């Protein structure tokens, strides 16, 4: 289902800044008020805690809204090697407004395709347990080649 939503150049640049420039730990994206463009809501400084990122996502829930985010996940593999993966998180809480869920769901592929091949993991989170660090870490380690 095509949504007709566009991705701004600022979104593309913010992703490159996380992926290649390592200028930010994360970026949170949202739809503008008219629901016609995906825009940058917030960029987190390098070293920002995952909890800070999650709080931004959860604050959207209070407004009945969804969000997208990319987080640079640094972790140690089960074999003891330092790893880093970019995780794309689609936050669609059960309490989000129906139109929000529909447009965000239809537009996620537009954003992922625009951002390109640099995303290693995709997580759709519908409740707080799926936003936990342990859950994200488990997803990043799943099927990982060391």
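Each reported figure results from applying straightforward, stated rules to the coordinates on display, with no laboratory input. Treat the numbers as computed from the prediction; the structure is a model and nothing was measured. Don't worry about glycine lacking a Cβ; one is built from the backbone with ideal geometry, like all the others, and counts go over all protein chains shown.
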>> I'd like the distance between the alpha-carbon centres of the range 100-146 and the range 1-76, rounded to an integer number of Å.
In response: 12
> Taking the simple approach of a point 7 Å from Cα along Cα-to-Cβ for both residue 126 and residue 114, what is their distance in nm?
Replying inline: 2.6
>> Just to be sure I understand: of the beta bridges DSSP finds with both ends in the chain, what percent are antiparallel, rounded to 5?
In response: 75
>> Starting from 0.36 nm per residue, how many nanometres of slack lie between residue 39 and residue 23 once their C-alpha separation is accounted for?
In response: 3.9 nm
>> 7 Å from Cα along Cα→Cβ at both residue 81 and residue 142: what's the point-to-point distance in nm?
In response: 2.1
> What value, in deg cm²/dmol to 500, does the helix sum -39500 (n - 2.57) over DSSP H runs of n ≥ 4 give at 222 nm once divided by the residues of the chain?
Replying inline: -10500 deg cm²/dmol
>> On C-alpha positions alone, give me the angle between the axis of helix 50-61 and the longest principal axis of the chain, in degrees, nearest 10.
In response: 20
> Quick one: which of 118-128, 58-68, 22-32 comes out on top by average Cβ neighbours within 10 Å, and what's the full order, highest first?
Replying inline: 22-32, 58-68, 118-128
> For the range 107-146, what class follows from the C-alpha gyration tensor (a ≥ b ≥ c being the square roots of its eigenvalues): rounded when a/c is under 1.5, otherwise prolate if a/b is larger than b/c, else oblate?
Replying inline: oblate
> Using a basic spin-label model with each label point 7 Å from the Cα along Cα→Cβ, how many nm lie between residue 8 and residue 97?
Replying inline: 1.9
> In degrees from 0 to 90, rounded to the nearest 10, what is the angle of the helix 9-19 Cα long axis to the longest principal axis of the chain?
Replying inline: 10
> If you work out volume of the Cα convex hull per residue in Å³ from the coordinates, which of (i) 106; (ii) 250; (iii) 122 do you get?
Replying inline: (i)
